[in-house]
Every structure is written in C-alpha cells, then in structure tokens.
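Asker: Before I ask anything, let me first share the structure, which is written out below as structure tokens.
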Amino acid sequence: MSLIKKRKCKKENQRVNRDISLLNCLEAYEGTADCPPNKKMTLGETTIIREPIEVIAFFDGSMRPLRFRWKGAVYKVQEITFSWTTMSGAASILHFSAYDGTTLYELSYNKATLRWTLEGVALHE
Amino acid sequence: MSDGASVMHLDMDAFFASVEQRVNPALRGLPIAVTGAAKRTVVTTSSYEARALGVRTGMNRFEAKKQCPSLIFVSGNNAKYMDVSTRIMEIIKGFSPLVEVYSIDEAFIDISGLRGLFGSPLDIGRALKKRIKEETGLICSVGIAPNKLMAKLASAMDKPDGLSILRPCDIKAHLQDMPVGTLWGIGPNITSRLGLMGIKTCGELGRANAGILRKNFGIIGERLGAMGRGEYKDPVRPAGFEDRVKSIGHSMTLPEDVWEREKIKMYLLKLSEMVCARARRHGLQGRTVCLTLRYPDFFTFTRQRRLSRATNDTHTLYRAAKRTLSTMRLRAPLRLIGVSLTGIVEGTRQLPLFTEDKQREKLLAAMDEINGRFGHSALTWSALLEPERTPGVISPAWRPSGVRKIDVG
C-alpha cells in the first residue's frame, strides 16, 4: 500500500473511531432530563452537554476555535457557522456554532473564568 | 429630499428561522419552525420554505405538523436572537443616529440627512442590506417612503430580500384598491367596523367623511382617514425619545394547566421577583398591580389592585397579587399567569421607617447586586427552587437597551 493510501486509511480510521466515541458519549446522555430514554434525537434538536472541554483557538482581534478535546477524542472545527455573545451576570460569554463536517457543536468561552464549555451537540444529517 | 423618501423601514426576513438556518447548515432550504422551549408553545417564526407549505405564526405544534408533515421544529434561543438584533441595530446606527427600534427584528430609520454621505435612498438601502448580509449572513427587506406608515408598507412589498421605494406621487395609486387591513395599525376589529360602514379599501378610507369617521371611531377617526391617504405624522423616535414606560410586566405560559393555589402562588412570586428586579434596576416603582390570568380555552382576564404607595419590593407586589387571586373563584385551571406594575413613577421613593422595611430593602439590594454579578436567579427565594422557567417568547416591546431590555433567555 502506498504511503498516501496508508495515511488516508489512518485518517479514515481516526474519523470512524471519533464518530463512535461521539455516539457513545451521546448515548450516555440518554435517560437524562435533557434526552428522555425513548426519544430519538431528530434534526433541529440539540442534546445539552454542558461539560468543560479543552480548545485550541486562533486569536486575531476576534477568536476562532480550531480544535477541541472532549472525553478523549479530538474534534477538528471545519467551519464556525455562527457566533453570538450572552451575559451571565457580569461575565461575557462567547458562543460558537462549530461544524466539523458531520456534526454541529455549540462551544462557549467564559471571558471571566477563561474556560471553554461544550454546551450541546446538534444532529447534522 | 427631492423625492420625498425620508423614512426607511427595515424588516429582517423570517428572523429567528433565518438565524437557526445560519447556525445549522443542515436546516438550510428546509421547512423549519422556531418554537418556544416550553412543551405547549406555538410557532413564533417559520422559514419561507415552511410558509410556502402553509405554516403560520401562532399555530401550535400539532396544527403546524398537520399542515406540513416534513416540518422541523427548532427550540428558539432568545439570547442568540437578542445578540444578533443588537448587532444589526448597531450596524444601522452606523448609517443614521435616528433609529427607532420597533421590535427585535424591525427598525425605522430617518434617512432625510444621509444623501450627502451615502447617496440616494436606494443606495442607502442597498448599502445597509449589504452590510447586514456581510456581518450576520442574514437577509432583510427594506422599504423607503415619506413616512413610517408607507415605509412599513413598502418593506412588505417585495419580501424576502426586497428593496422597495414608495414615492409621494405613487402613493395614491398604490393605496387605491388596497384592503384597509393591510395598513399597519388597522387590525381585524377596525377592519370589520370599517367594513360595516362600506369601507373596504384604503382609497375609500381616504375619501371617507372625516365627521363620520370621528363619530364612529372617536379621536382616531381623523387619523384613520389620513392613513387611508398615506399620511402619517409620527416621526422616527430614536432611543431616549420614546414615550415613557407605562408598565413593567412579565407573563408565562405554564408547562401544564395549574389548579392548585399553592403552585399558582409560586408562579406569582417568580413573576413578582422578575418584575420588581427589573423595576429596581431602572429606579422605577409602580402603584398598581395587574394580575392577568388565562384559562385553557384562551379566555384571558385582568384584575387590578391599587397600592397605598408606589413600590418595587418583590414581597409587596407578591402579597398584592396573592390578595387579588384570593378574591377570585377560578372556573378552570390556568394556562397563563402574568403580573405587571403600572402607574409607574420615577425617581421618588418612600424612605423606610421601620427596621423590617430597612432590612428588606438591604436584602433586595444585596440580592440584586449578587444576581447582577453572577447572573439572574443566582440568588433567589427558596420557594422558587421548584418551578424551572423555560425561555419564553420575546415580547414585541423588547428593545436592545433600557427598561425594555427584558432578559428572557
């Protein structure tokens, strides 16, 4: 097998493993108040996660998350589809809708605590 | 301005739905309906794809799904819409300082002094639409006319993504055969009353005898006649020049119909706290408490109670609302509860005379400070720990700043 083919294969395996990991993570939320057990997630719905994550972001006047790590798996942000700001008391919170090619994630950055949170995951396809 | 077009009306197209379609690319081009987060909510906005299939604002989930089986429901995120709206209003203010924010997705702009800076009214409209599209990815419709009434009409002429101008010379012909109900401010009630008088079109309304209109509609009669001719005197009122706030209120549609008095009281306390916290934040007090209740059949009624002095104390308002409730015999469980303070006074207050009053004032000030720093309801009454408030629908009275900036997130 050529080197390019090997790399492609490795990338594909990484992607499949990461998708499996995401599905396992989302399964863990079934049965919680945010995701009742007999309810299948449908397009337009968001599973609320609200867990801390690690993020690599690009700062250049504005901020753009590039990758984030959640439960051991790394997700590469392909596109920030939208961003907005909210206030929680005196703290300003930046929200990003991050699309990784298959799934839409809502990430938030609290400017007061300097912490990132994965707010939710929305089904994309 | 030579062509008389001095007012611009900007209306974001299917605002909430468009924001959701920007956020989630998978929703683009699909029929979607934005609803509140509560179970029994109604459609607040739908995408143009859904509208084409018969989905309308105000339909409940069942009706909307029946109309369009492929409809996708998206729970609205008010905080997101408020932020986008504030950004859009800032973009508009970059063109003219005379901006009247009419609702979360609509604004009137006085463009009478902008020709030298930005060119013709159509050039201003194009530039504004382009800036909004570039910075938010959203589209809007713009109407330009000599006054607010005609500008609002013009913005609806070519939706979505429209840009229309109504020049004074075109107005008469445009209104001639237009049904009166299409005019901003003429609702179904006035339309049917005009219909009984044989007035169906704006042309007929404009030509109607002013005396007869006054006799039937009182002081608004003449104004109606002028509206029929496309005349409207209200200027664009930028922030700070609006009418004074007459009331501060909150209401909520309950997750399920409620009979139990204790549960109703819990909601009254929650609403009283929301109303008073907002009043305290802006240094306002109210003398009259209004309690609004709605039965499952949508029969809605209001009861008022005048207080001995103006207040913004949560417990004074709560006690008054509770007393009002205790005088009523409910014939059915409640679907909606609302509490509001009217008879608003600004800048005057009774100094607390008794120790208990002083302590309460200090307690409320401490609560407000903590909630201001850590977020609303960070510190709240223990009786309120049970009912979780789901985000409601944004009131048409919402504004990006001031006392009308209501936190509904």
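The values are calculated or read from the model by the stated rules, or taken from the named source; none is laboratory data. Predicted, not measured: the structure shown is a model, and the values here were computed from it. We place every Cβ from the backbone using ideal geometry, glycine too, and count neighbours over all the protein chains shown. Surface areas here come from the heavy atoms of the whole protein model, side chains and all, with no ligands, DNA or RNA. Shrake-Rupley method; radii C 1.70, N 1.55, O 1.52, S 1.80 Å.
Asker: Restricting things to alpha carbons, tell me how big the protein assembly as shown is in terms of Rg and Dmax, in Å.
Answerer: Radius of gyration, then largest Cα-Cα span, for the protein assembly as shown: 26.2, 93 Å.
Asker: Turning to a different aspect of this structure: Using DSSP to define loop residues, name the trypsin sites (Lys or Arg not before Pro) in segment B:254-332 whose beta-carbon has at most 15 other beta-carbon atoms within 10 Å. Mind showing how you got there, number by number?
Answerer: On the way: sites: B:Arg261, B:Lys263, B:Lys265, B:Lys270, B:Arg278, B:Arg280, B:Arg281, B:Arg287, B:Arg294, B:Arg303, B:Arg305, B:Arg306, B:Arg309, B:Arg319, B:Lys322, B:Arg323, B:Arg329, B:Arg331; in loops: B:Arg329, B:Arg331.
Hits after loop and neighbour filter: B:Arg329, B:Arg331.
Asker: Moving on. Do any residues of segment A:58-90 lose at least 40 Å² of accessible area when the full set of protein chains is present rather than just their chain alone, and if so which, with a 1.4 Å probe?
Answerer: Residues of segment A:58-90 that lose at least 40 Å² of accessible area once the other chains are added: A:Thr81, A:Phe82, A:Trp84, A:Gly89.
Asker: Now, a different point. Whose amide H sits under 5 Å from the amide H of B:Thr45, counting only residues 5 or more places off or on another chain, with H placed in the peptide plane?
Answerer: HN-HN under 5 Å from B:Thr45: B:Val34.
Asker: When the accessible area of segment B:1-145 is split by element with a 1.4 Å probe, what percent falls to carbon and sulfur?
Answerer: Of the solvent-accessible surface of segment B:1-145, carbon and sulfur hold 54 percent.
Asker: Shifting gears a bit: What residues have an amide H closer than 5 Å to that of A:Ile49, excluding those fewer than 5 places away on the same chain, when H is modeled at 1.01 Å from N in the peptide plane?
Answerer: A:Gly120, A:Val121
Asker: Moving on. Take chain B, mark every one of the GluC sites (Glu not before Pro) that falls in a DSSP loop and has at most 12 other Cβ within 10 Å, then report the longest stretch left between them, sites excluded.
Answerer: Longest run free of exposed loop sites: B:1-259.
Asker: Over chain B, with a Gaussian network built from C-alpha contacts below 10 Å, which listed residue (B:Ser340, B:Ser18, B:Ser326) shows the highest mean-square fluctuation?
Answerer: Answer for the Gaussian network model of chain B: B:Ser326.
Asker: What percent does the relative contact order of segment B:60-113 come to when contacts are Cα pairs within less than 8 Å and at least six residues apart?
Answerer: Once divided by the residue count of segment B:60-113, the mean separation gives 22 percent.
Asker: Just for the Cα atoms in segment B:176-228, what are the lengths along the principal axes, largest first, rounded to whole Å?
Answerer: 23, 20, 19
Asker: In nm, to one decimal, how far is the B:Arg309 label point from the B:Thr182 one, both placed 7 Å along Cα→Cβ?
Answerer: It is 5.6 nm.
Asker: All other residues with a Cβ under 15 Å from the Cβ of B:Ile190 taken together, and with Lys, Arg as +1 and Asp, Glu as -1, what is their net charge?
Answerer: Net local charge, B:Ile190 excluded: +3.
Asker: Here is a follow-up. Over 27 Å between Cα atoms, which of B:Lys263/B:Lys358; A:Lys71/A:Lys111; B:Lys80/B:Lys270; A:Lys111/B:Lys358; B:Lys65/B:Lys270; B:Lys270/B:Lys358 qualify? Don't jump to the answer; show the numbers that get you there.
Answerer: Details: B:Lys263/B:Lys358 29 Å; A:Lys71/A:Lys111 23 Å; B:Lys80/B:Lys270 24 Å; A:Lys111/B:Lys358 36 Å; B:Lys65/B:Lys270 33 Å; B:Lys270/B:Lys358 22 Å.
As for pairs spanning more than 27 Å Cα to Cα, those are B:Lys263/B:Lys358; A:Lys111/B:Lys358; B:Lys65/B:Lys270.
Asker: Write down the Kirkwood hydrodynamic radius of chain B, to one decimal in angstroms, obtained as one divided by the mean of 1/r over all alpha carbon pairs.
Answerer: Over chain B, the inverse of the mean reciprocal pair distance is 23.7 Å.
Asker: Next up: State the answer as a single residue: which of B:Ile104, B:Ile88, B:Thr316 lies farthest towards the positive end of the charge dipole of chain B, with beta carbon charges of +1 for Lys and Arg and -1 for Asp and Glu, about the Cα centre.
Answerer: B:Thr316
Asker: Could you provide, to the nearest whole Å², the per residue accessible area of segment B:1-61 with probe 1.4 Å?
Answerer: Normalised by residue count, the accessible surface of segment B:1-61 is 34 Å².
Asker: Related question: Explain nothing, just compute: Karplus ³J(HN,Hα) = 6.51 cos²θ - 1.76 cosθ + 1.60, θ = phi - 60°, for every residue of segment B:296-305 in order, whole Hz, x for Gly and Pro.
Answerer: Per residue, the Karplus-derived 3J(HN,Hα) values read x, 7, 6, 5, 10, 9, 10, 10, 10, 9 Hz.
Asker: Probe radius 1.4 Å, ligands and nucleic acids left out: can you give me the accessible area buried at the A-B interface, summed over both chains, in Å² to the nearest hundred? Before the final figure, lay out each step's value.
Answerer: Details: alone 8480 and 20690 Å², together 27720 Å².
Separately minus together, A and B give about 1400 Å² buried.
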